[in-house]
Amino acid sequence: MDFLAAHFLWVNDPTAWVALLTLVVLEIVLGIDNLIFISILTNKLPKHQQVPARRLGIGAALIMRLVLLATISFIVQLTTPLFTLFDHGFSWRDLILIAGGLFLVWKATKEIHHSVDPEDHKDSMVGNTITLTLGGAIFQILLLDLVFSIDSIITAVGMTDEIAIMYIAVIAAVTVMMLAATPLANFIEKNPTIVMLALGFLLMIGMTLIADGMGYHVPKGYIYAAMGFSALVEGLNMLARRRKSKSGP
C-alpha cells in the first residue's frame, strides 16, 4: 500500500493532471504516424487477416511501450552520444530514428511506385498481397513500433517525472489507436486517392525522422499542420467529386 501511495501522490496535484492530459494528447498525435503505416500495410492482407493483424500489431506496441517504460533508466541513456560526425554527436536514439526513417522512406517509395505502375511487379513489396503474410505484416509493424515507441517514451520523460502518468498516457494513447485503426483503414480502402496522400505523409515522416536523427530538429507542429492542410484539400476534392458524380455528366 505504501508503494502504491508513493507512486500516486500526484493525484492531488492539479499540475500533474494537466501534464497527464497534455501527454495523452501528445501520445495520440505521435501515434497518428504509426496508425497510418499500420492501416496501409494491413489493407494489403487478405480480408480475414486485416483486423487480427491490426489488433496484434497495436497490442504488441502496447506491450513494447510498457516494457520500455519499465526500463526507463536504460531508455534515457539512449540519448548519450556514442560518436561525433559532422559536428553532431550521434546517440543510439539518433541511429534508431535514422534507421526507422530510412525504412519508412523505402516502404513508402516502393508502395508509391506500385500505385503509379501496378503492372510492374519487379519492385512489389507492400503492394503485393501474395508476398505479404500475416507474420511479415506483424514484423514490419513491430519494427516501426520500436522506433516510434522509443521516441514517444523519450518525449514523455521530458514532460514528467511521474512513471504512473507515463503508463496511463501510453495505455490511453494505444487504446485510441486500437479503436481508430479499423475505421481509418476502411476509410483509406474506400478512398483510393487517400492512399497516395497517406503515402506522402509517410514519406515526409520518414524524412523528418532522418533529419531528427542527424541533429536537424523539425518542429512537429509544422509537420502536422502540413498534414492537416493536405487532408483538408483532399477532403474538398472528395466532396467536389461526390457532388459532380451526383449531378451526372
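The values are calculated or read from the model by the stated rules, or taken from the named source; none is laboratory data. Everything numeric in this text was worked out from a predicted model, so none of it was measured. When we count neighbours, we look across all protein chains shown, and the Cβ atoms used for this are built from the backbone with ideal geometry, even at glycine.
Scanning region 187-197 finds no residues that are under 30 Å from residue 86 (Cα atoms), surrounded by 15 or more Cβ atoms within 10 Å (Cβ to Cβ) and without any contact (Cβ under 8 Å) to a residue 60 or more places away in the chain. Taking every residue in region 74-94 that is part of a strand (DSSP E or B) and pairing it with any residue that is among the hydroxyl-bearing types (Ser, Thr, Tyr), at least 6 positions away or on another chain, the pairs with Cβ-Cβ distances below 7 Å are 81/91; 82/91; 91/79; 91/80.
Criterion first (in contact (Cβ under 8 Å) with a residue 24 or more places away in the chain, out of contact with any Phe, Trp or Tyr (no Cβ under 6 Å at 6 or more places or on another chain) and either buried (at least 19 other Cβ atoms within 10 Å of the Cβ) or not in a helix (DSSP H, G or I) (or both)) does residue 206 satisfy it? The answer is yes for residue 206.
With respect to the stated conditions, residue 211 fails to be small (Gly, Ala, Ser) and either farther than 17 Å from residue 96 by Cα or part of a loop (DSSP other than H, G, I, E, B) (or both). The single residue among 240, 164, 231, 226 that is in contact with a Phe, Trp or Tyr (Cβ under 8 Å, 6 or more places away or on another chain), in a helix (DSSP H, G or I) and modelled with pLDDT under 85 turns out to be 164.
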